[in-house]
1. Quick one: what pairs do we get from segment 168-187, first residue closer than 13 Å to Gly205 by Cβ, second among the hydroxyl-bearing types (Ser, Thr, Tyr) and buried (at least 23 other Cβ atoms within 10 Å of the Cβ), C-beta under 6 Å, 6+ apart or different chains?
2. For segment 222-256, give me each residue that is open to solvent by 40 Å² or more (accessible area, probe 1.4 Å), aliphatic (A, V, I, L, M) and under 14 Å from the mean Cα position of the chain (by Cα).
3. Collect the residues in segment 63-80 that are of a type in the set (A, V, I, L, M, F, W, C) and either at pLDDT 90 or above or open to solvent by 60 Å² or more (accessible area, probe 1.4 Å) (or both), keeping them in residue-number order.
4. Which condition number does Asp196 fail, the rest of (1) open to solvent by 10 Å² or more (accessible area, probe 1.4 Å); (2) among the charged types (D, E, K, R); (3) touching an Asp or Glu at 6+ places or on another chain (Cβ under 8 Å) being met?
5. Could you tell me whether any residue of segment 176-185 is under 21 Å from Ala113 (Cα atoms) and among the small types (Gly, Ala, Ser)?
6. Are there any pairs, at least 6 apart or on different chains, whose C-beta atoms fall under 8 Å, with the first in segment 81-96 and under 28 Å from Pro125 (Cβ atoms) and at pLDDT 85 or above and the second assigned to a helix (DSSP H, G or I) and open to solvent by 80 Å² or more (accessible area, probe 1.4 Å), and if so, which?
7. For the structure I just gave you, tell me whether Ala101 is under 21 Å from Gly151 (Cβ atoms), in contact with a strand residue (DSSP E or B) (Cβ under 9 Å, 6 or more places away or on another chain), open to solvent by less than 70 Å² (accessible area, probe 1.4 Å) and touching a residue at least 12 places away in the same chain (Cβ under 8 Å).
8. List, please: which pairs have Cβ atoms under 7 Å, are six or more places apart or on different chains, and start with a residue in segment 24-50 that is among the small types (Gly, Ala, Ser) and end with one that is assigned to a helix (DSSP H, G or I)?
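The values are calculated or read from the model by the stated rules, or taken from the named source; none is laboratory data. Everything numeric here is computed off the predicted structure, so don't read it as measured data. When we count neighbours, we look across all protein chains shown, and the Cβ atoms used for this are built from the backbone with ideal geometry, even at glycine. With ligands, DNA and RNA removed, areas are computed over all heavy atoms of the protein, side chains included. Shrake-Rupley method; radii C 1.70, N 1.55, O 1.52, S 1.80 Å.
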Amino acid sequence: MRVHVVSDVHGNSRDLAVAGDGADALVCLGDLVLFLDYADHSRGIFPDLFGVAHADALVELRTARRFEEARELGRRLWAELDASGRSREAVIEGAVRKQYAELFAAFPTPTYATYGNVDMPRLWPEYAGPGTTVLDGQRVEIGGRVFGFVGGGLTTPMRTPFEISDEEFAAKIEAVGEVDVLCTHIPPDVPELCYDTVARRFERGSGALLDAIRTTRPRYSLFGHVHQPLARRMRIGRTECVNVGHFNATGTPYVLTW
């Protein structure tokens, strides 16, 4: 069996269209939407709406961990958009729908996918075709191995669309139970796996996921979320923990074979 795994696609439909080439299945760990590209501030929903200069400013504030100033900038820009008579919810949803139409059309058959923290889960049923299975707090057998999927991120000052409480995330981890491959969008709460060396901050990892790795001992824990991690892989007991990569930037899936 050969399974290709991607995460943090962030609008890269071109490479996604060939990500499953040569594989028996594709696994996607979420963050399909591109709101703002930290490497190229001209790409994404935010610069399309407010311009590159404002995107530059937002990235600078967030990178400096000046989150309240970043939120204030966002509030001002959105207030100006609202004053123009355009609904921010409608504008964002329209932009997300456009990206989802391209991205879900690029998924090969079969694809098994879960949500990232910047995704809008309520829209996925409209775009996931018969060859795409969406899982969250659920298990599926692929080539004789059991894969468990838990989507979303934990609450942060960034306030991205699909952040959930620690308790809700832990409940989904518990619902998955013992599996061979544990697939999540966010990493276990290990500093080396959570620190982003470019953004210069710790992303939130899950303590419940770390506990599950230690107690249920899956063969693999696969995740994304941290785009430039201090450590891309680490062994915890018998479990190989792997950040499958920032697919938006690399265009290359992680390959799992058995």
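1. From residues that are closer than 13 Å to Gly205 by Cβ, the pairs are Phe169/Ser206; Ile186/Ser206.
2. Ala249
3. Just the residues of segment 63-80 that are of a type in the set (A, V, I, L, M, F, W, C), to begin with: 64, 67, 70, 73, 77-79.
Scanning segment 63-80 gives Ala70, Leu73, Leu77, Ala79.
4. Status for Asp196: all satisfied but (1).
5. Taking segment 176-185 as the starting set, the residues that turn out to be under 21 Å from Ala113 (Cα atoms) are 176-185.
Checking the rest, the ones that are also among the small types (Gly, Ala, Ser) come to 177.
Yes, there is a match, as at least one residue in segment 176-185 is under 21 Å from Ala113 (Cα atoms) and among the small types (Gly, Ala, Ser).
6. Short answer, once both residue conditions are applied: Ala95/Asp48.
7. Details: under 21 Å from Gly151 (Cβ atoms): yes; in contact with a strand residue (DSSP E or B) (Cβ under 9 Å, 6 or more places away or on another chain): no; open to solvent by less than 70 Å² (accessible area, probe 1.4 Å): yes; touching a residue at least 12 places away in the same chain (Cβ under 8 Å): yes.
Spelling it out, it is not the case that Ala101 is under 21 Å from Gly151 (Cβ atoms), in contact with a strand residue (DSSP E or B) (Cβ under 9 Å, 6 or more places away or on another chain), open to solvent by less than 70 Å² (accessible area, probe 1.4 Å) and touching a residue at least 12 places away in the same chain (Cβ under 8 Å).
8. Cβ pairs passing all conditions: Ala39/Ala249; Ser42/Val52.
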